[in-house]
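The values are calculated or read from the model by the stated rules, or taken from the named source; none is laboratory data. Small disclaimer: the values here were computed from a predicted structure and weren't measured. Glycine gets a Cβ as well: all are built from the backbone with ideal geometry, and neighbour counts include every protein chain shown. In case anyone asks, the SASA skips ligands and DNA or RNA and just uses the protein heavy atoms, side chains included. Shrake-Rupley method; radii C 1.70, N 1.55, O 1.52, S 1.80 Å.
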Amino acid sequence: MSAAPAVRTRITSMLGCRYPVILPGMSWISTPELVAAVSNAGGVGILATGPLSAEETRQAIRKVRELAPGKPFGIGATLLMPGAKENAEVALEEEVPLINISLGKAQWIADGAHSYGGRILATVTNAKHAEAALTAGADALMATGHEAAAHGGDVTSLCLIPALASRFPHVPIVGAGGFADGRGLSAALTLGADAVAMGSRFAITHESPLASAIKERVAEASLTGGSTESDTIYGKNFDGIPARVLKSPASLRLNAKPASFPTVLYRALEAAKEMNMPLWKVVPGLLTQWDKMYIVAQFGAATEALKAATIDGRLGDEGVQFIGQSQGLIHDVPTVDELMQRIMYASQAITTETAKRFREE
C-alpha cells in the first residue's frame, strides 16, 4: 500500500513534517528509538529529558539524529523541575529543531532557538497560560485537555482547542488529550488545531519501551479486566500536580490523600540520588521557594511508583502509570509506521465522508 497523502497545516509547514501527528515527551517512554520511529513515519517525535542528565540528553539527541537523519524532532523541558535548565541549554547547543516547554516560561530559550531557526512549542491548559507563553516567545501552543495522560488541565479538549484557536487565531495549535485515531485527528483539525499529540497511543506500539504488561493491560478490549476510557483517576495527591493515571490499587491508594512531608522529602532525595542530581539543587529550594519546591519534591517522590509501572510493568500495590482517557480507543500494539498510516488513511476517509454531508438540496 502506498503512503497516505501528506497533510498541509501550519504545524507541518513550520516543522517540515509530512503528517500533523506528534509524540509528546513521556518519561521513560519517549526514548530516542520511539522518537525516531515517529519522525521517520512522517510525524514529529519529542524526546523526554526529565530522567536524563545534561550529558545523557546530548547523547540522546545525537542518537535521534543517527536513527532519523534529516527528520524533524524535538525535546521536552519541564522548567519547574531540577535539571531542565541544563537540558534546555544542551538542546540549544545541539540546535534541536523544536523545544517543548511546560510549567514555566523562559524567553532565553526562545531567543536561543530562534537564533538558529528552531521553534518553541509551549504546553498550556488555559488561555492565561497561553498568553504568557506567547509573550515569552512561544511559536505554537500544545493545548492539553482534561482527557490527557499525566498533567492535563480542567478544561476538555473539545472546549479548549476552539477557545484558544479563536483567541489566538494566528498561532498554530497542537491538540493533546483524547486523541488516538483518525477520527480524533479529523475532529481536532475541525476544532481549530493544526496537529494532534498522541502520547497514550504511541506508548502502546511495538517500538515503545513501555513494559509489555502495561501494553497488554491497556490494549485489552474486555470490559472485565481490560482498560476502558473510564478506568483512569484524575487528582493531585499522587505527584503534587493534577494528573491522570491508570486505575490500579496503587494509584487509588496514593491518590486518596497527600503523602506526609517527611515521606515526600525522603523519597525525593532518594530519587535525586538515583538520577545523579546534586542534593543542593533540591534542599535549598524547599527552604526558599516552598510552594514550588514542595511540588518538585512530591513529583520526585512519585518517581519510584512511575518506574515500577512504566519500566517493570508492576501495577498492583506498587506501580502507577500515566495514561489518558484515550486508552479506551486502544486495542492493539502495532508498529509506529502501521499506526501512522492507519490514522492518516482513516482521517482522510472520515474528512471526505463528512464533507459529502454538506450539499445543496
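Just to be sure I understand, how many residues within segment 289-310 are modelled with pLDDT of 85 or more and in contact with a Leu (Cβ under 9 Å, 6 or more places away or on another chain)?
4
All but one of (1) of a type outside the set (S, T, Y); (2) farther than 16 Å from V174 by Cβ; (3) open to solvent by 10 Å² or more (accessible area, probe 1.4 Å); (4) in contact (Cβ under 8 Å) with a residue 24 or more places away in the chain hold for M26; state the number of the condition that does not hold.
Exception for M26: condition (2).
Among the residues of segment 332-361, write down those that are in a loop (DSSP other than H, G, I, E, B) and either free of Cβ contacts under 8 Å to residues at least 60 places away in the same chain or over 18 Å from E207 (Cβ atoms) (or both).
R357, F358, R359, E360, E361
Given (1) hydroxyl-bearing (S, T, Y); (2) over 17 Å from the mean Cα position of the chain (by Cα); (3) modelled with pLDDT under 95, where does T9 come up short, assuming only one miss?
(3)
Quickly run through segment 9-31 and pick out the residues that are among the aliphatic types (A, V, I, L, M) and part of a loop (DSSP other than H, G, I, E, B).
M26, I29, listed by residue number.
Please verify whether G16 is open to solvent by 10 Å² or more (accessible area, probe 1.4 Å) and at pLDDT below 95, treating the condition exactly as stated.
Considered against the rule, which asks whether it is open to solvent by 10 Å² or more (accessible area, probe 1.4 Å) and at pLDDT below 95, G16 comes out as no.
Just one of the numbered conditions (1) assigned to a helix (DSSP H, G or I); (2) within 21 Å of the chain's Cα centre (by Cα); (3) modelled with pLDDT under 90; (4) not small (G, A, S) is not true of V264; which one?
The number of the failed condition is (2).
Spot the failing condition for G184; the list is (1) at pLDDT 95 or above; (2) open to solvent by 50 Å² or more (accessible area, probe 1.4 Å); (3) farther than 20 Å from T135 by Cα, and only one is missed.
(2)
Take segment 96-123 and flag every residue that is open to solvent by 30 Å² or more (accessible area, probe 1.4 Å) and of a type in the set (A, V, I, L, M, F, W, C).
Across segment 96-123, the qualifying residues are L103, W108.
Of G313, G319, which residue is open to solvent by less than 50 Å² (accessible area, probe 1.4 Å), on the phi > 0 side of the Ramachandran plot and either in a helix (DSSP H, G or I) or at pLDDT 65 or above (or both)?
Criteria check complete, one pass: G313.
Determine whether S208 is polar (S, T, N, Q), surrounded by fewer than 22 Cβ atoms within 10 Å (Cβ to Cβ) and modelled with pLDDT of 95 or more.
no
Those residues that are among the β-branched types (V, I, T) and either modelled with pLDDT under 95 or open to solvent by 40 Å² or more (accessible area, probe 1.4 Å) (or both), I need them from segment 124-163; list them, please.
Matches in segment 124-163: T135, V155, T156.
Cβ-Cβ under 9 Å, sequence separation 6+ or interchain: first residue in segment 79-108 and closer than 29 Å to P69 by Cβ, partner aromatic (F, W, Y) and open to solvent by less than 10 Å² (accessible area, probe 1.4 Å). Which pairs?
The qualifying pairs are V96/F73; P97/F73; L98/F73.
Residue by residue through segment 29-47, note down the ones that are open to solvent by 10 Å² or more (accessible area, probe 1.4 Å) and closer than 16 Å to N87 by Cα.
Those that are open to solvent by 10 Å² or more (accessible area, probe 1.4 Å) and closer than 16 Å to N87 by Cα: T31, P32.
How many residues are in contact (Cβ under 8 Å) with a residue 24 or more places away in the chain and of a type in the set (A, V, I, L, M) when one looks only at segment 114-126?
Total satisfying the criteria: 2.
So is L79 surrounded by fewer than 24 Cβ atoms within 10 Å (Cβ to Cβ) and within 16 Å of the chain's Cα centre (by Cα) or not?
So L79 fits the description; yes.
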